[in-house]
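Enquirer: My structure is below; once you've seen it, I'll send some questions.
The values are calculated or read from the model by the stated rules, or taken from the named source; none is laboratory data. All figures in this text were calculated on a predicted structure; none of them were measured in a lab. FYI the Cβ positions are ideal-geometry reconstructions off the backbone, even for glycines, and counts take in every protein chain you see.
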Amino acid sequence: MIFKIAFRNVFRNARRSTATILTIAVGTAATLIFLAYTLYNVLGLQTSTVDRGGHLTIFRNGFYDFGAGNPAVWGIDDYQTVLKLVRTDPVLAPMIAVVTPVQQVGGIASNADSDVSKTFFGQGFIPSERDAMKRWNEYGTGGVSVGDTGLKDDDPSQGVIGSGLALILGLCKPLHFDYCPKLPKGAPKELDQSPSAANLPSQDFSALSGRDVAAPQSATGLPSLDILAATAGGAPNVVRLKILRVEYQGVKALDDSYIGMHLALAQQLVYGRGEHKVTGIVVQLHRTEDWQFAKQRMLELFAKNNLNLEIKNYAELNPFYVQALQFLYSIFLFIAVIFGVVVLFTVSNAMSMSVVERTDEIGTLRALGLRRAKIRRQFITEGFLLGVIGTTLGVIAALAIAALINRSGLTWTPPGQTYSVPLKLYLFGATQSIVVIWIILVVVSTLASLLPANRAAKMQIVDALRHV
Amino acid sequence: MAESNQPVVRLTNVKKTYKLGSSQVQAVRGISLAVPPRCFTMIVGPSGSGKTTLLNLIGCIDRPSSGTVEIAGQDIARLGDNALSDLRARRIGFIFQSFSLIPVLSAYENVEYPLLSTDISAKDRRRAVLDMLDAVGLKDQRSQRPNELSGGQKQRVAIARALVKQPEFVLADEPTANLDSGTGASIIELMRKMQVEKNTSFIFSTHDPQLISHADKTFAIRDGLLVDQSAGGKQ
Ligand SMILES: Nc1ncnc2c1ncn2[C@@H]1O[C@H](COP(=O)(O)OP(=O)(O)OP(=O)(O)O)[C@@H](O)[C@H]1O
Ligand SMILES: [Mg+2]
């Protein structure tokens, strides 16, 4: 009966109830749409992070904290054994998408043709495996046009370069990269004709490089850079790298210093003729949720085989990822709280009006012998019902909007990413979050009716009856 | 219990003072009376004399500032709010001047409402409600909502609602004031019929001469004081 009366009262004042329900529905839908958008961004961010660096990276124990200054001496010994161990483990096999070695290298890159140089951050990888990693797209957020590096496994002479570095090193024109800005008026003309620069001995790396230098290959029309780094032994070493393409890196700091190259070349640069090691082994899983399990399993394997290795996950290796996540979630929380407050006040207001209008009814019911608690429950039930109807409509509306937007084929380029991706609202997989938000807003509606319900319950019967 | 000659309600030196801002209004200034069982008892007096206040005290929807109110020999001052609610639910029926039906409920549901908090079975409840609606002549209108009923019909529903739980007495504050004299007469007739049939007591506050003429016992009050009591309907 309490429900019957509540239900009928909700529909009795149709206009006010409709306005209240619509407000709750819009609040719910907006919260959910924004949640879906946040999830989409979070997953997109995760995808672009995992595309590039996998889920887990195996390092020599201590590298993460101490190795950055001299990656050369922190190489993983006998990494082929480690690779084999991970690749052939029957437990890990079904989870793993890619296991691939990488070599970090830092040094100075110079364009011999224009006498400019710049410190670089280099990464050596196996091109086909790097390309495979880029296709990881667990959530369907991935790019519509993810470019392969274009490098070939059997040609270690070629590399790619960040667009910022390409600009700095004067490679825009030779690479036919059209997005570089033009030199401003009054800039130093023809840098390569600067006499002082031409005489700098440091420009001639070959003098330092000894026999480790890569033999200059016959030009295939590609511009080339000389890149200089210190070997594991501390000796300077230089190799020549042909630049195949410009690869925009999204983040300027990286874009201004990135050189991607074949693993073999990076190893040659760092280890010369010594044992070729790698700084890291990147593991990409099919599904992100497996990472803890996979990490645990690998650590067990390493312990069993007396390998002194550590494993870092993608969040640890990308502080920006974690910050961006927190940023997105805090915005979501902020917006959700605002909508929660709007719902709170709307329901509270509607219920207050209802209590005032029904003062005589409250007096009558109390005279008939209804206890205060029952009166309170009656009005709380009405707030609850408003909440249930409103939030349910809101969920339906949000799902409809999400479906529409997902079908519309809109694309955009998220911040820090290098390619445009389809705009998708991740609502259909987020059942748990939908349920949680539904419950929270129903609870908010119910709580909002608490105060008016208390007022109704506390009324003096005679005052209520005289109200007419 | 119904056959005893104990008064249904006894008031002893009851006073009721309302605060109105800083001043105080003495609505009832010391009234003692006993309401006899199985009667039409009328509380009469000019407007503002304290009739409604007195009726509210008898009906346990208000508490006296001083003095005692006893229902069937029990002092209600000892009862908490819930106990008082339960007492009203079981023993006291109310009929209001402006009918005060629950607007979202049909005639049937309005009559059924007081029985919902009792432990009567659904079958017995249905029978009791239909019998009651039959007795007030509204069996055919039972599914209509209050706004689809005339004033007289509404008051009939209210009478059915007051009596369906078989209360010891029914309080009616000017039940005919919002009805034309013809309808009023039929409502009075119905109440008398119910009083006899259900062997219960009615306590009215009124200044409707038509109603007063049916009184078995009359209490006349003025300025919050009892000025006369008599058997029958003479003022
Ligand atoms: N809640 C209240 N607060 C303040 N004063 C009140 C309150 N209820 C009643 N009074 C005052 O008490 C006095 C008696 O009021 P009451 O309603 O009992 O009169 P009544 O005899 O029923 O009058 P009527 O015939 O007009 O209904 C009046 O002066 C009224 O103004
Ligand atoms: Mg009155």
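Enquirer: Within the stretch A:117-139, how many residues turn out to be polar (S, T, N, Q) and over 25 Å from residue A:170 (Cα atoms)?
Expert: 2
Enquirer: Continuing with the same structure: How about the stretch A:85-112: which of its residues are in a helix (DSSP H, G or I) and surrounded by 12 or more Cβ atoms within 10 Å (Cβ to Cβ)? Step through it out loud before you land on a result.
Expert: Quick first cut of the stretch A:85-112, residues in a helix (DSSP H, G or I) only: A:85-88, A:93-95.
Result: A:85, A:86, A:87, A:95.
Enquirer: Let me ask something else. Scan the stretch B:19-26 and tell me whether some residue there is within 16 Å of ligand 2 (Cβ to nearest atom) and buried (at least 18 other Cβ atoms within 10 Å of the Cβ).
Expert: Scanning the stretch B:19-26, I find no residue that is within 16 Å of ligand 2 (Cβ to nearest atom) and buried (at least 18 other Cβ atoms within 10 Å of the Cβ), so the answer is no.
Enquirer: Within the stretch B:60-90, can you find the residues that are over 20 Å from residue B:37 (Cβ atoms), more than 7 Å from every other protein chain (Cβ to nearest Cβ) and of a type in the set (S, T, N, Q)?
Expert: Step one: filter the stretch B:60-90 for residues over 20 Å from residue B:37 (Cβ atoms), giving B:61-67, B:77-86, B:89.
Keeping just the survivors that are more than 7 Å from every other protein chain (Cβ to nearest Cβ) gives B:63-67, B:77-80, B:83-84.
Correct list: B:65, B:66.
Enquirer: Select from the stretch B:95-125 the residues that are outside any loop (DSSP other than H, G, I, E, B) and within 14 Å of chain A (Cβ to nearest Cβ) and list them in ascending order. Quick ask: steps written out before the conclusion?
Expert: At the first step, the residues of the stretch B:95-125 found to be outside any loop (DSSP other than H, G, I, E, B) are B:95, B:107-115, B:122-125.
Those that are outside any loop (DSSP other than H, G, I, E, B) and within 14 Å of chain A (Cβ to nearest Cβ): B:95, B:108, B:109, B:110, B:111, B:112, B:113, B:114, B:115, B:122, B:125.
Enquirer: While we're here: What single numbered condition from (1) within 18 Å of the chain's Cα centre (by Cα); (2) within 15 Å of residue B:11 (Cβ to Cβ); (3) away from ligand 2 (no atom under 15 Å from the Cβ) fails to hold for residue B:85?
Expert: For residue B:85, the failing item is (2).
Enquirer: Select the helices (runs of 4 or more DSSP H) contained entirely in the stretch A:356-465, then report the ones holding at least 1 residues which are away from every other protein chain (no Cβ under 14 Å). Quick ask: steps written out before the conclusion?
Expert: Details: elements: A:359-367, A:372-408, A:431-448, A:450-458.
By residue number, A:372-408, A:431-448, A:450-458.
Enquirer: Just the residues that are among the hydroxyl-bearing types (Ser, Thr, Tyr) and away from ligand 1 (no atom under 13 Å from the Cβ), please, taken from the stretch B:177-216.
Expert: In the first step, residues of the stretch B:177-216 are kept if they are among the hydroxyl-bearing types (Ser, Thr, Tyr); the result is B:181, B:183, B:186, B:200-201, B:205-206, B:213.
Answer for the stretch B:177-216, where residues must be among the hydroxyl-bearing types (Ser, Thr, Tyr) and away from ligand 1 (no atom under 13 Å from the Cβ): B:181, B:183, B:186, B:200, B:201, B:213.
Enquirer: Go through A:98, A:91 for me and flag whichever is in the same structural domain as residue A:235 (by TED's automatic domain parsing) and within 19 Å of residue A:260 (Cα to Cα). I'd like the intermediate steps shown before the answer.
Expert: Details: A:91 fails: within 19 Å of residue A:260 (Cα to Cα).
Checking each option against the conditions leaves just A:98.
Enquirer: Here's a check for you: in the stretch A:1-43, which residue that is among the small types (Gly, Ala, Ser) and surrounded by 22 or more Cβ atoms within 10 Å (Cβ to Cβ) is nearest to the other protein chains (Cβ to nearest Cβ)?
Expert: Initial filter on the stretch A:1-43 (among the small types (Gly, Ala, Ser)): A:6, A:14, A:17, A:19, A:25, A:27, A:29-30, A:36.
From the residues that got through so far, the ones that are surrounded by 22 or more Cβ atoms within 10 Å (Cβ to Cβ) too are A:25, A:27, A:29, A:36.
Values: A:25: 23, A:27: 27, A:29: 29, A:36: 38 Å.
Here the residue is A:25.
Enquirer: Please give the helices (runs of 4 or more DSSP H) falling wholly within the stretch A:249-355 in which 2 or more residues are touching a Gly at 6+ places or on another chain (Cβ under 9 Å) and among the small types (Gly, Ala, Ser).
Expert: Because the criterion is at least 2 residues that are touching a Gly at 6+ places or on another chain (Cβ under 9 Å) and among the small types (Gly, Ala, Ser), the helices (runs of 4 or more DSSP H) in the stretch A:249-355 that meet it are A:263-271.
Enquirer: Could you name every one of the helices (runs of 4 or more DSSP H) located completely within the stretch B:140-235 that has at least 1 residues being over 15 Å from the mean Cα position of the chain (by Cα) and within 27 Å of residue B:27 (Cβ to Cβ)? Give the derivation first.
Expert: On the way: elements: B:151-163, B:181-197, B:209-212.
Helices (runs of 4 or more DSSP H) meeting the threshold: B:181-197, B:209-212.
Enquirer: For the stretch B:37-52, check the following and say yes or no: at least one residue is of a type in the set (S, T, N, Q) and within 25 Å of residue A:370 (Cβ to Cβ). Reasoning before the result, please.
Expert: Taking the stretch B:37-52 and keeping what is of a type in the set (S, T, N, Q), we get B:41, B:47, B:49, B:52.
Then drop every residue that is not within 25 Å of residue A:370 (Cβ to Cβ), which leaves B:52.
Within the stretch B:37-52 (the criterion being of a type in the set (S, T, N, Q) and within 25 Å of residue A:370 (Cβ to Cβ)), the answer is yes, since at least one residue qualifies.
Enquirer: Out of (1) away from ligand 1 (no atom under 15 Å from the Cβ); (2) within 13 Å of chain A (Cβ to nearest Cβ); (3) of a type in the set (S, T, N, Q), what's the single condition that is false for residue B:52?
Expert: For residue B:52, the failing item is (1).
Enquirer: Given the conditions (1) away from every other protein chain (no Cβ under 14 Å); (2) touching a strand residue (DSSP E or B) at 6+ places or on another chain (Cβ under 8 Å); (3) closer than 13 Å to residue B:39 by Cα, report the number of the one that residue B:171 does not fulfil.
Expert: Residue B:171 satisfies all of (1) away from every other protein chain (no Cβ under 14 Å); (2) touching a strand residue (DSSP E or B) at 6+ places or on another chain (Cβ under 8 Å); (3) closer than 13 Å to residue B:39 by Cα except (1).
Enquirer: Count, please, the residues in the stretch A:420-433 that happen to be buried (at least 22 other Cβ atoms within 10 Å of the Cβ) and of a type in the set (A, V, I, L, M, F, W, C).
Expert: So the answer is 3.
Enquirer: Among the numbered conditions (1) out of contact with any helix residue (DSSP H, G or I) (no Cβ under 6 Å at 6 or more places or on another chain); (2) surrounded by fewer than 20 Cβ atoms within 10 Å (Cβ to Cβ); (3) among the basic types (Lys, Arg); (4) more than 12 Å from chain A (Cβ to nearest Cβ), tell me where residue B:145 comes up short.
Expert: (4)
Enquirer: Which members of the stretch B:19-46 meet the condition of being within 14 Å of another protein chain (Cβ to nearest Cβ) and either more than 12 Å from ligand 1 (Cβ to nearest atom) or touching a residue at least 24 places away in the same chain (Cβ under 8 Å) (or both)?
Expert: B:27, B:28
Enquirer: Is it the case that the stretch B:116-133 has a residue that's over 24 Å from residue B:201 (Cα atoms), among the hydrophobic types (A, V, I, L, M, F, W, C) and surrounded by fewer than 15 Cβ atoms within 10 Å (Cβ to Cβ)?
Expert: The answer is yes, given that some residue of the stretch B:116-133 is over 24 Å from residue B:201 (Cα atoms), among the hydrophobic types (A, V, I, L, M, F, W, C) and surrounded by fewer than 15 Cβ atoms within 10 Å (Cβ to Cβ).
Enquirer: Restricting to the stretch B:1-20, name every residue that is at pLDDT 90 or above and either touching a Pro at 6+ places or on another chain (Cβ under 9 Å) or among the polar types (S, T, N, Q) (or both).
Expert: Within the stretch B:1-20, B:7, B:8, B:11, B:12, B:13, B:14, B:15, B:16, B:17 qualify.
Enquirer: Now a separate question. Considering each residue of the stretch B:60-77, count those that are farther than 19 Å from residue B:26 by Cα, part of a loop (DSSP other than H, G, I, E, B) and either without any contact (Cβ under 8 Å) to a residue 60 or more places away in the chain or within 16 Å of ligand 1 (Cβ to nearest atom) (or both), and give that number.
Expert: Step one: list which residues in the stretch B:60-77 are farther than 19 Å from residue B:26 by Cα, which gives B:70-77.
If we keep only those that are part of a loop (DSSP other than H, G, I, E, B) as well, we get B:72-73.
Restricting the remaining residues to those that are either without any contact (Cβ under 8 Å) to a residue 60 or more places away in the chain or within 16 Å of ligand 1 (Cβ to nearest atom) (or both) gives none.
The total comes to 0.
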